[in-house]
1. Find all pairs meeting these conditions: Cβ atoms under 6 angstrom apart; at least six residues apart or on different chains; first residue within the range 409-438 and on the phi > 0 side of the Ramachandran plot; second residue of a type in the set (Phe, Trp, Tyr) and crowded, with 19+ Cβ neighbours inside 10 Å.
2. For the range 282-306: of the residues being surrounded by fewer than 16 Cβ atoms within 10 Å (Cβ to Cβ) and within 17 Å of residue 494 (Cβ to Cβ), which is modelled with the highest pLDDT?
3. Cβ-Cβ distance below 7 Å, separation of 6 or more or different chains: which pairs start in the range 237-261 with a residue that is buried (at least 20 other Cβ atoms within 10 Å of the Cβ) and end on one that is among the aliphatic types (A, V, I, L, M) and assigned to a loop (DSSP other than H, G, I, E, B)?
4. Of the residues 753, 757, only one is in contact with a Pro (Cβ under 8 Å, 6 or more places away or on another chain) and within 30 Å of residue 823 (Cα to Cα); which?
5. Please go through the range 162-195 and pick out each residue that is β-branched (Val, Ile, Thr) and either within 24 Å of residue 48 (Cβ to Cβ) or part of a loop (DSSP other than H, G, I, E, B) (or both).
6. Sort out for me the strands (runs of 3 or more DSSP E) sitting completely within the range 332-438 that have 3 or more residues that are of a type in the set (Phe, Trp, Tyr).
7. Quick one: which of 203, 216 is surrounded by 22 or more Cβ atoms within 10 Å (Cβ to Cβ) and over 15 Å from residue 32 (Cβ atoms)?
Amino acid sequence: MEPKSVFFSVYLWLLFSFLSVAAYAEGSKEITSNGGNRAYLLSTTVATASSPFPTLGTMKVYVKAGESIYAGSSAQGISTGTMNFRAPDGTSYTSGNDANIGLIKNRAQEAAGPLPNANGYTPFIIKVTAAQEGVWEVDFIPENNGATLTGNPPAVAANANWTQPIAQYITAFDVSVRNTANTQFINGRVFTNVFSGILGTFDVGFNGIFNILTKDGYQYTLNNNGQAGNGFGFFVNNKGFRNAAGLPSYQSVDGASANVNVQDPRAADTPTDITQKIFFNPPAADLPATANTPGGGTTWLLTAPVLPTVSNVTFTGTEGTPGKAGTGPLGGNFAFTTSGNGSYLIVIDVNQNGSYTDAIDRKITGTANSGINQVHWDGLDGLGNKVSAGGTTNFNVSVGITTVAGEVHFPFFDVERNVNGLLLSRINGIYAPDDTLYWDDTPITKVGTPSNPLKNLTGISSTINGHKWGTTTTDPNNDADFGNNKSIDTWGYIASKPVYSSVSLQLREADMAVDNVAVVANCAGQPIVYTVTVSNKGPGDVAGAKFSFGYPADITGLTVSSVSTSGTSSTNSEVFTAGNYTTGIDMANGAIRTFTISGKVALTASGGLGVTASVLRPADVTDPDATNPDAAAPTDAVNECNSPPSGTGCNNVIVNTTVIAAAPNAGPDQTIFQYLPATMAAIGTGTWAQLATDANQVTITNKLSNTTTITGLDYLGLYHFTYTNSNGCADSVTLKVIRADLEIPNIITPNNDGKNDVFRIRGLEAYPGTQLIIFNRWGSEVYRADDYRNNWDGSGLAEATYFYILNRRDRDGQITPLKGWVFLKRNK
């Protein structure tokens, strides 16, 4: 009796255990519990248009140390069907090919869940060690290893009996977590990043209910509500389809999945791209905020919802100046940081009357994204006109930002029809429950029955219209409806109350100009002087502008000075480099400053000698005709001058080209005897002139000839002359007039060596008509010349001493006799 009694007691204990545990599973049981048709789990490595991110039916489950994983698959042990497990510590497991352990044989076992649930399937069990606590990954491998794709599986109702097809489909799957005491299963531990399913035909609906958990702690319940589309890839993210900048586009895409920009749900999250987690039950309350994952990483799990915040509202000019900007086209950038996506409204009080509702006030709206946002203002008012500079007056700006949290996007690929629309409800956080949905299908080509409205950015309750498109069909081959080969996005979020902030800014404008470049002297080898005038035509003052003077290597010894010729101005930080002079310049509105720039032109210079004078605006100060409105600070006056929108040319740059002539050469200085004419021979073309300061003015025979005779040198002293060319350059020559005292030699040596060959009397030229008589030692006359020209060479006479009488004729006609001797020496 005792053995029987013991058996009976054990039986009662087992029966009590089975009856006390409610039927439980996490997987296909949950998504078939709401009617409609069965969505087979697609397990493959092959991407399709409707399932662009395939997996081997990968599910994820959070398990604590000491708990156990119970898993089953309808493909277990059939051909290559198996289950593979990856633990956070890197350990891998497999259920092998056992045809019993881990096999879900039919609908009844699927609905019952794993043993010890009554009528449950026999699970494959793994007990988790302390090192393996975290998120596990489970692959459900189909019969052919998922390497190929076959035809559609049979379409069956969600709660109907089924037979596992020989294909890449998993009909039933389950991952359950058993507690450490082995007394119950724990709900809400299993999730996936992407669910790839197939219904088997186009004319049936999928009613699976999922639970969505967002990274910022918000939870949604999603009912697919009869979605009709044979194959589909289902995942949830925070951006939907992205634009070229990687930001949410908030639009559907008129093309298949291969042509869209979307975050791969299988990839790790980035700081800005988040794949939300799809749970089969409401997430368990004991989930941690983060957990280890296979491969040594971590993932986020359950956190408390946090309302979005706005901070760090600033304004910076386009070229980087905090709080200050140039007028249009420069403008500047507003920046702010948000903890969630949303929208913004920036209003500039243009007329500064304290009201932000006037037509002239500029209003800028747009979409804000989590993190740092930057919004450009082009400097225009609400009427499209350029806002005038306000000097030192601040413009007040109101920045209102509405941010969102818990953002969920549901990208659908190749879903031909969604006749009932989704049923989505946020179940936690402020204003919960909230079932508002949004979409924008305006880019989609209208085929079949489009969504109505095509664009819903204000929000519609999903119980009224959960983004419906297409019409019901009984033709399994009729895929020609609005969603065929399209990528359609639907989203929801929680919007915060607008957060307002204020910021002030200054607008600056000044018309800087180089008004004139004048040059004095422009000949090779001569000094050259440039006079440059720079002005600020306003309307604002300028600090930190830059004046530059570029010059060629033919100008050397450059010196620069400047003075304020009108208004208030100053210079600072002069820099001389090879071929360029720059200085900082501050100028009040209306000021004029004159630069005097001196140098010397090289003797080798010729042709055109070009210099460039320019003035460059400071950063974030608009010069009306010389502003390049890119984000780079101005560095090149010509670039600023020739950039749109002002077009080529401006008053900031003047190029001066001066033709350089050869410097004149008036010849060497001369010493001339009194009364005699002088001959001056210059090099080059020019004009002779005597300095007016000379006490005694003379006669220049031909002033326009480079060779001329000077007469009237009757007075002793210095006479000064200039030879000036057509460029105004001059060279000078000095004539020294000396008394014509005669110097009579006492020897001649007529041997044709060019020395003392004749009886040359120095100064004789001043006494024309002077008579010379030569006598030998016996008193006989041997030579006579009534107007002696310094040409007696003793021809025909023997070497000896001879005597002369020189009758000098003075300017007044008087004769002064001079006597002496001269020795005629012949070479032997």
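The values are calculated or read from the model by the stated rules, or taken from the named source; none is laboratory data. Here the structure is a predicted model, which means the values were calculated and not measured. Don't worry about glycine lacking a Cβ; one is built from the backbone with ideal geometry, like all the others, and counts go over all protein chains shown.
1. Pairs that qualify, where the first residue is on the phi > 0 side of the Ramachandran plot and the partner is of a type in the set (Phe, Trp, Tyr) and crowded, with 19+ Cβ neighbours inside 10 Å, are 429/218.
2. Filtering the range 282-306 for residues that are surrounded by fewer than 16 Cβ atoms within 10 Å (Cβ to Cβ) and within 17 Å of residue 494 (Cβ to Cβ), the one modelled with the highest pLDDT comes out as 304.
3. 237/274; 238/274; 241/260; 241/262; 252/444; 253/260; 257/49
4. It is 757.
5. 163, 166, 170, 171, 180, 183, 186, 192, 194
6. It comes to 395-413.
7. 216
Matching residues to (1) outside any loop (DSSP other than H, G, I, E, B); (2) at negative phi; (3) in contact with a Ser or Thr (Cβ under 6 Å, 6 or more places away or on another chain); (4) among the hydrophobic types (A, V, I, L, M, F, W, C):
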| site | (1), (2), (3), (4) |
| --- | --- |
| 471 | no, yes, yes, no |
| 476 | no, yes, yes, no |
| 480 | no, yes, no, yes |
| 483 | no, yes, no, no |
| 490 | yes, yes, no, no |
| 507 | yes, yes, yes, yes |
| 511 | yes, yes, no, no |
